[in-house]
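Trainee: I have a structure I would like to understand better, so I am pasting it below and will then ask my questions one at a time.
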Amino acid sequence: MTVSLSSDRAVREAYETDASGLHLVPELVARPGSIAEVIELLQLAAADRMPITCAGAQTSTTAASITDKGVLLSLRSLDRISAIDEGARTITVGAGALVGDIKKMAAASGLLFAPDPTSEEESTIGGAIACNASGARTFKYGATRKHVQRLKVALASGELAEFRRTNLEKNTVGYAFAHDPIDWFIGSEGTLGIIVEAELALLPLPAHVVGLAIFFQTEADALRFVAETRESRILDPRCIEYFDDQAINIARAATSGGIMPDGAVAMVYVEQEIHDDLDSTLGKWGDVIESFASDFEPLVFDGEARLREARKLRHSVPSTMNERGGKYRAAGGRKVSTDWAVPYGRLAEAIRIARALAAERGIDQSVIYGHAGNGHPHQNFIARDTQELNTIEEVIEQTLKQVIALGGTVAAEHGIGKIKRKWLPLQMNPLQIAMMTAVKKELDPLGILAPGNIL
Ligand SMILES: Cc1cc2nc3c(=O)[nH]c(=O)nc-3n(C[C@H](O)[C@H](O)[C@H](O)COP(=O)(O)OP(=O)(O)OC[C@H]3O[C@@H](n4cnc5c(N)ncnc54)[C@H](O)[C@@H]3O)c2cc1C
């Protein structure tokens, strides 16, 4: 056997946590350097009925990439990014390559890999595919699934399989869920197979993009602005992101230049590709912004460096919340993040309900920010101890029931993992869960892949 399994305590502890705030120490760690070693490990695991949980960069918020059962398999070393096929507009990458590195390589050829999880500089493409990650620009470009053309997957049986997207415009052969097997693995959180390589679709890189941060006196105004922007036939944003007052405070603390105005209660951040004249595009936005009679001047982020600054502001919110949560670990507390979404027209109503449910139970520390254009905010809490954690989880469950009643979902981009498994039946009926269980049994009859994730 060439792949080595480490039982060293320090090595195992290096993989005990992700961004969920939970800690699970694996029994063994494997860090294969080739696809052949992944296959070898799977064959060994099948023979010994040894569980295997994949890890990319362990930025999962749902404890999906940690385990205390069997092997933690780090795919980080499979990080090769091969040359871009500019004609076909594709790039082939190893599962451990960082999303940010793939984007930089594509950009150097004038191409765009569109998925943009806020964690893109620190998370892997294997993790993004396994969670069907999305980001702010998903509003225009769709989630990761849409940009995956081909996958090489190591199956639980120890076979290496390849799945290519069919791209059929019409198809009436059999059940829809079996049409494109590539889609079984995208979003499967390591439970159906181990992604070792992917071919990704690229788009032309927009020549000029401008970001605008628009500030409001009330949350209601900001959410009305989101709805108006989304409905507009004149504006064409590639993202519509929301920051509540607490998220603004975090972003303010993260900016040395103090660029966030004092007194603003809510902020909407949009990005627009400029196809004709910058002034006329900004003029169109100015007309809509003026109709909201805000006291605050919008901030303009023009050019790559300024857009990176805006992304840093956005990233500061979840990363600060993760840091804050980490301080309460000893008392049984942590950051608790939600990932629910509703049809965007119900967003203001859903946020009102979510805030009211938290307030009723005396929970006042939630921060609400995120992908408002897709009806997808993140409501993040800090639980300072076990008791507060339990109360917050009860509040979240009540919120999720209301979200489902509004036609929403309990998890729009982070997946289910281990933490949200208890909420799966809120959204899926027993038949849907039985169908998923049947697929899992077919692909992983011994149940060795990522036990505890999703099902
Ligand atoms: C600050 C912060 C911001 C974030 N922002 C976003 C955001 O905007 N959008 C978003 O969607 N998510 C976001 N996330 C969540 C997370 O970063 C994404 O889900 C990311 O895609 C996970 O990638 P990873 O490499 O860290 O995967 P990991 O956390 O290591 O794994 C995630 C899941 O994928 C599985 N997996 C990993 N690699 C493979 C593989 N090769 N084959 C099969 N399964 C595999 C794991 O078993 C696990 O189930 C954020 C997280 C943080 C901490």
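Trainee: Using the Kirkwood radius over C-alpha pairs as Rh, can you work out the diffusion coefficient of the chain via Stokes-Einstein at 37 °C, viscosity 0.692 mPa s, in µm² per second?
Mentor: Values: Rh = 22.9 Å.
Estimated via Stokes-Einstein, D reaches 143 µm²/s.
Trainee: How much accessible area per residue does the stretch 161-296 have, counting only protein heavy atoms and a probe of 1.4 Å, in square angstrom? Can you show the working numbers first?
Mentor: Working: 6430 Å² over 136 residues.
So the stretch 161-296 comes to 47 Å² accessible per residue, rounded to a whole number.
Trainee: Hey, with R₀ at 60 Å, roughly what FRET efficiency would Leu203 and Ala330 work out to, going by the Cβ-Cβ distance, to 0.05?
Mentor: Numbers: r = 46 Å, r/R0 = 0.77.
Result of the calculation: an efficiency of 0.80.
Trainee: If you don't mind, there's one more thing I want to ask. Using alpha carbon centroids, what distance separates the stretch 263-286 and the stretch 186-214, in Å?
Mentor: Their Cα centres are 24 Å away from one another.
Trainee: Calculate, in nm to one decimal, what Ala253 and Leu424 gain on full extension: separation in residues at 0.36 nm each, minus their alpha carbon distance.
Mentor: Contour length minus the Cα-Cα distance gives 57.9 nm.
Trainee: Could you compute how fast the stretch 357-455 diffuses translationally, taking Rh as the Kirkwood radius over C-alpha pairs and applying Stokes-Einstein at 10 °C with viscosity 1.306 mPa s? Give it in µm² per second. If you can, show how the numbers build up before the last one.
Mentor: Details: Rh = 15.4 Å.
Roughly 103 µm²/s, to the nearest whole number.
Trainee: OK, next. Helix-derived [θ] at 222 nm for the chain: sum -39500 (n - 2.57) over DSSP H runs of at least 4, divide by residue count, nearest 500? Write down the numbers at each step before the final one.
Mentor: Working: 14 runs with 155 residues, N = 455.
The helix contribution divided over the chain gives -10500 deg cm²/dmol.
Trainee: Follow-up. Let me check I've understood the local charge: for Cys131, count other residues with C-beta under 15 angstrom from its C-beta, Lys and Arg +1, Asp and Glu -1. What total comes out? All intermediate terms of the calculation are to be shown ahead of the outcome.
Mentor: Working: positive: Arg145, Lys146, Lys418, Lys420, Arg421; negative: Asp18, Asp116, Glu120, Glu122, Asp183, Glu189, Asp339, Glu413.
Net of charged neighbours comes to -3.
Trainee: On to the next question. Restricting to bridges with both residues inside the chain, how much of the DSSP beta-bridge set is antiparallel, in percent to the nearest 5?
Mentor: Details: 55 of 64 bridges.
The antiparallel proportion sits near 85 percent.
Trainee: Shifting gears a bit: Can you tell me how the stretch 118-201 classifies by the Cα gyration tensor, rounded, prolate or oblate, using a/c under 1.5 as the rounded cut? Before the final figure, lay out the partial values.
Mentor: Working: a/c = 2.07, a/b = 1.16, b/c = 1.79.
Cα axes put the stretch 118-201 in the oblate bin.
Trainee: Let me ask another. Determine the percent antiparallel among the DSSP beta bridges restricted to the stretch 40-194, to the nearest 5. Can you show the working numbers first?
Mentor: Working: 10 of 14 bridges.
Around 70 percent of the beta bridges assigned by DSSP in the stretch 40-194 are antiparallel ones.
Trainee: OK, next. Within 10 Å of each candidate Cβ there may be at most 11 other Cβ atoms; applying that plus a DSSP loop requirement, which trypsin sites (Lys or Arg not before Pro) in the stretch 161-210 survive?
Mentor: Values: sites: Arg164, Arg165, Lys170; in loops: Arg165, Lys170.
Answer by residue number: Lys170.
Trainee: Output the antiparallel fraction of DSSP beta bridges having both residues in the stretch 11-128, as a percent to the nearest 5.
Mentor: On the way: 5 of 12 bridges.
Antiparallel bridges make up about 40 percent of those DSSP assigns within the stretch 11-128.
Trainee: I've got another one for you. Among the listed pairs Lys418/Lys440; Lys69/Lys418; Lys335/Lys418; Lys170/Lys441, which are separated by more than 18 Å between their Cα atoms? Write out the running numbers ahead of the final one.
Mentor: Numbers: Lys418/Lys440 16 Å; Lys69/Lys418 13 Å; Lys335/Lys418 15 Å; Lys170/Lys441 30 Å.
The pairs that break the limit, which is 18 Å between Cα atoms, are Lys170/Lys441.
Trainee: Sticking with this one: With all protein chains present, how much of the accessible area of the chain (probe radius 1.4 Å) comes from carbon and sulfur, to the nearest whole percent? Mind dumping the intermediate values first?
Mentor: On the way: 10100 of 19650 Å².
Answer for the chain: carbon and sulfur cover 51 percent of the accessible area.
Trainee: Now a separate question. Take the alpha carbon atoms of the stretch 209-295, find their radius of gyration, then divide it by 2.2 N^0.38 Å using N residues; give the quotient.
Mentor: Working: Rg = 13.0 Å, N = 87, 2.2 N^0.38 = 12.0 Å.
So the Cα radius of gyration is 1.08 times the expected 2.2 N^0.38 Å.
Trainee: Run the numbers for Asp101 and Ser232: contour at 0.36 nm per residue of separation, minus the present Cα-Cα distance, in nm. It would help to have the intermediate numbers written out before the result.
Mentor: Numbers: separation 131, 0.36 × 131 = 47.16 nm, distance 3.42 nm.
That works out to 43.7 nm of additional length.
Trainee: Rounded if a/c is under 1.5, else prolate if a/b beats b/c, else oblate: with a ≥ b ≥ c from the C-alpha gyration tensor eigenvalues square-rooted, which is the stretch 1-96? List each step's numbers first, then the result.
Mentor: Details: a/c = 2.42, a/b = 1.44, b/c = 1.69.
In terms of gyration-tensor shape, oblate.
Trainee: In whole Hz, what ³J(HN,Hα) sequence does the stretch 168-174 give by Karplus (6.51, -1.76, 1.60; θ = phi - 60°), x for Gly and Pro?
Mentor: Rounded to whole hertz, the list is 6, 7, 9, 6, 10, 8, x.
Trainee: If packing is taken as the mean number of other Cβ atoms within 10 Å per residue, what is the order of 276-282, 422-428, 62-68, highest first? Please report the intermediate quantities before stating the final value.
Mentor: Details: 276-282: 12.0, 422-428: 15.1, 62-68: 25.3.
Result, highest mean Cβ count within 10 Å first: 62-68, 422-428, 276-282.
The values are calculated or read from the model by the stated rules, or taken from the named source; none is laboratory data. Keep in mind it's a predicted model, so treat the numbers as computed, not measured. As a convention, Cβ positions derive from the backbone with ideal geometry for all residues, glycine included, and neighbour counts pool all protein chains shown. Protein only, heavy atoms only, side chains kept; ligands, DNA and RNA dropped before computing areas. Shrake-Rupley method; radii C 1.70, N 1.55, O 1.52, S 1.80 Å.
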